[in-house]
Amino acid sequence: MLFLATPLTLTETVSLHVESIWGAFIVGGLQASLAYGGRKTATGRSPLLMAALFFGLAANAKAVTLLIVPVVAIYLVVCYLRHPSRAGLAWIGLSACLFLVVGSVPYLGAYLVSGNPVFPFFNDLFQSGYYPAERFVNTHFRSGLDWQVLYRSIFEPARYIEGTVGAPGFQWLLLLPASVLVLLHARHWRALAVFAIAVVSIYLVFRSQSYLRYVFPFSAVLVALIALAAHRARLAGRGVSLTFGLAIVSTLGLNIVFFTSATWNYRGFPVSIVFSERARLEYLELREPLRLAVQVVNSHNLGRSPVGFLSSKPYGAGLTADVLYAYWYNKQWESRLSKVGDAAQVAQVLRDYRVIYLVLDDAWGKPGLREAIRSATDELATYGAVSVRRLRQELQFGQELLANPDLQGPSGWSLAPGAVIENGVATVSSATPVTQRVAVEAGRTYRNDVVARCLGPQVSGRIQLNWLDAKGAYLDTSITVFACTEDWQMHRMQARAPKGAGAVIVYGSAHGEQPILFDRISLR
């Protein structure tokens, strides 16, 4: 509860998600290291390998890991020296190699590209041509670590993060010192070892950059120690337990009151929207209409075709389909879109990616590109500068898939005995259809158009698609029955290829024994 109610946790989980992942790797590596240290022998290969893997992945995520790993390594060496053995030394060496192999990937890549494995840091040493031959120094957050850090981080947070009072959480002043005293009294040496690792790691990081984001994993670690101390306090007597409990409740209350203090994204968050659906919708329309656009797309996109998200803000969370962000997340899609010049080219790109629905932000892209997209789509809803759009029907199904759709002779068609194609007209019945098999893509929507008339009253025709898998095995059938008249009329069916579909058999058929005439059969 303390960890989730900490303002810093909110900041890390609504913006730079890499730090949450990195934090999980650090916590996992420390957990494995403690598992190794708690063994009575030094042969614990599984914990060592897991620690090496987690810390290697953490080093992949953030270079600041390289300041934390030596501290943990010293702890592991001390644990080994308690029960030294040749086998244990071999496993330590193997784990160190695993860490280097897993953790070196981005640094090797940086060296091959720039000549500096930690570019742009320490460029006075590596002399990369892509940056001046001087040591890179970030002038922000240079407060270091001193005895006042707990107080200053809470009440002077601008020294440590882009936040206001309460940004790191009040537990560090109200609960952490008391927790250390409780653990000292209980002689819980493993917990105190974790505390020492955290403090030394924070000291090394803060010597370089006193930025709370860079010590975020230890927020989780130290909160775990507070939880352990709270449990020990319960065993120490009612008075101590009650005092510690009141301190926790007070801390939770303060953290919640100052919950948005470590991020500017949610300042002025109105509590009324929690209790009123209308207030919530008005708030979203004013502050982040992309969230409302997501709801509209979901209500229309029942087939769950991929959705084009054309905004510099990748706020597509909640969409029940694959999302194609026109952002650096998907350079190929962004590049294809940026090169279109008119509605036809837009439609071709959307068809290639199987996109029917779009979310378009007027702040995205160039005016000419946005105009081409608007020309190729119909507007379904608009919220300020954000609109939900659908590819126009006449552009959605652009390419004819059937050979000889105008029935100029039997070429391309399979005729059941009794079916006839003459003078551009097919005469068929339910027992004597014409068919054609073509390849399709699973999950894609197709449109089957026919132009037909009948030879008598009360006769019905049938639009039919039999879906097959890649090996030709039957999967499913899509059918629409239409009332036939003596005049030529067009009838249409849209159908989505089922999962696993690789081909479809297109039918020209009556819905009974009475024959009907087809002038055109098309699949797009």
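The values are calculated or read from the model by the stated rules, or taken from the named source; none is laboratory data. For clarity, every value in this text was computed on a predicted model and none was experimentally measured. Backbone-built Cβ (ideal geometry, glycine too); neighbour counts: all protein chains shown. Ligands, DNA and RNA are excluded from the accessible area calculation, which covers all protein heavy atoms including side chains. Shrake-Rupley method; radii C 1.70, N 1.55, O 1.52, S 1.80 Å.
Results, tabulated for the structure shown:
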item: Inter-site label distance for Ala279 and Thr139 at 7 Å from Cα along Cβ, in nm; result: 4.4 nm
item: Efficiency of FRET between Arg437 and Arg287 - r from beta-carbon atoms, R0 56 angstrom, step 0.05; result: 0.60
item: Residues with amide H under 5 Å from that of Leu407, placed H, sequence gap 5 or more; result: Ile521
item: Estimated FRET transfer efficiency when R0 is 45 angstrom, pair Tyr203-Tyr329 (beta carbons, to 0.05); result: 0.80
item: Those Cys residues of the chain for which no other cysteine Cβ falls under 4.7 Å; result: Cys79, Cys97
item: Cα-based Rg / Dmax (Å) for the range 446-524; result: 13.3, 41
item: Euclidean distance of C-alpha centroids, the range 324-359 and the range 274-318, integer Å; result: 20 Å
item: Order by protection proxy (mean Cβ within 10 Å, highest first), peptides 309-319, 147-157; result: 309-319, 147-157
item: Computed lengthening from Asp519 to Leu100, 0.36 nm per intervening residue step minus Cα-Cα distance; result: 143.8 nm
item: Potential lengthening between Met1 and Ser411 on full extension [0.36 nm per residue; Cα-Cα distance subtracted]; result: 140.4 nm
item: Computed label-point distance, nm, for sites Thr243 and Asp342 using a 7 Å Cα→Cβ extension; result: 8.2 nm
item: For the range 286-341, fraction of C-alpha pairs farther apart than 14 Å, in %; result: 54 percent
item: Karplus 3J(HN,Hα) series, Hz, for the range 446-458 with 6.51 cos²θ - 1.76 cosθ + 1.60 (x for Gly, Pro); result: 10, 10, 10, 10, 9, 10, 9, 8, 10, 9, x, x, 6
item: Lysines whose Cα lies under 30 Å from that of Lys471, excluding same-chain neighbours fewer than 8 positions away; result: Lys499
item: Environment charge of Thr6, counting only residues whose C-beta is closer than 14 Å and scoring Lys/Arg +1, Asp/Glu -1; result: -1
item: Per residue accessible area of the chain, 1.4 Å probe, in Å²; result: 51 Å²
item: Surface/4 estimate of mean projected area, convex hull on alpha-carbon atoms of the range 111-153, nm²; result: 4.0 nm²
item: Stretch gain in nm, segment Thr445-Val14, where the contour uses 0.36 nm per residue and the Cα spacing is subtracted; result: 151.6 nm
item: The range 1-140 - Debye-derived log10 I(q)/I(0), Cα point model, q = 0.09, 0.10, 0.21 Å⁻¹; result: -0.36, -0.44, -1.15
item: Cβ-based charge dipole, the range 1-135, positive-most Cα from Ala63, Val113, Gly129; result: Ala63
item: Local electrostatic count at Tyr214 - Lys and Arg +1, Asp and Glu -1, tallied over other residues with Cβ under 9 Å; result: +1
item: Where trypsin sites (Lys or Arg not before Pro) fall in DSSP loop in the range 281-351, at most 16 other Cβ within 10 Å; result: Arg304, Lys339
item: 13 Å beta-carbon shell around Phe141, net charge (K/R +1, D/E -1); result: +3
item: Expected 222 nm ellipticity per residue - DSSP helices of 4 or more, -39500 (n - 2.57), all of the chain, to 500; result: -14000 deg cm²/dmol
item: Surface share of carbon and sulfur [accessible, 1.4 angstrom probe, percent] for the chain; result: 60 percent
item: Cubic angstrom per residue, convex hull over Cα atoms of the chain; result: 250 Å³
item: Virtual spin-label span in nm between Asp352 and Ala483, 7 Å along Cα→Cβ; result: 4.5 nm
